[in-house]
Amino acid sequence: MKYVPIVLSLLLLAGCAAAPEGPSYRQISMDDAIKLMTEAEDYVILDVRRADEFAAGHIPGAIHVANESIGSGAIPELPNMDQLIMVYCRSGNRSKQASKKLAGMGYTNIVEFGGIIDWPGETET
């Protein structure tokens, strides 16, 4: 009987343990992203804005897959699940959503770096 409080305490503590987080991605600053772009060799820059936003101007070499379309099936533009994928949008909100969805789909090397509004370099159309 004297062990009941101890067992109950252990059960309560076990219930408070943090649940394992789901698939994840890394979030980095724009400066770190620019540095990574100069150092990494095999990566994709992914713009997850709407098609009209992408057409108006995007980071050179970026590919476009709208955030709204991610999670609805395979992504032909991203065939390598382990490739470094650097994700951005306009301000950082959709890129976070897209990064979380990509991680949930099994992509393993996702870096989210915010929005093009903070991009100091040139853009292309």
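The values are calculated or read from the model by the stated rules, or taken from the named source; none is laboratory data. Since this is a predicted model, take the numbers as computed values, not measurements. Every residue, glycine among them, receives a Cβ derived from its backbone with ideal geometry; neighbour counts consider all protein chains shown. Note: accessible area is taken over every heavy atom of the protein model, side chains too, but ligands, DNA and RNA are not part of it. Shrake-Rupley method; radii C 1.70, N 1.55, O 1.52, S 1.80 Å.
Tabulated data for the structure shown
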read-out: Residues being over 17 Å from Ala51 (Cβ atoms), of a type in the set (Gly, Ala, Ser) and open to solvent by 20 Å² or more (accessible area, probe 1.4 Å) - total across segment 64-110; value: 6
read-out: Any chance Gly121 is in contact (Cβ under 8 Å) with a residue 40 or more places away in the chain, over 15 Å from Gln27 (Cα atoms) and either assigned to a helix (DSSP H, G or I) or of a type outside the set (D, E, K, R) (or both); value: yes
read-out: Test: residue in segment 67-76 that is at pLDDT 90 or above, over 15 Å from the mean Cα position of the chain (by Cα) and among the polar types (S, T, N, Q); value: no
read-out: Test for Ser24: is it open to solvent by 30 Å² or more (accessible area, probe 1.4 Å), assigned to a loop (DSSP other than H, G, I, E, B) and either aromatic (Phe, Trp, Tyr) or modelled with pLDDT of 95 or more (or both); value: no
read-out: Every pair of residues 6+ apart whose Cβ atoms lie under 7 Å, when the first sits in segment 23-39 and is farther than 24 Å from Met105 by Cα while the second is among the charged types (D, E, K, R) and assigned to a helix (DSSP H, G or I); value: Met30/Asp118
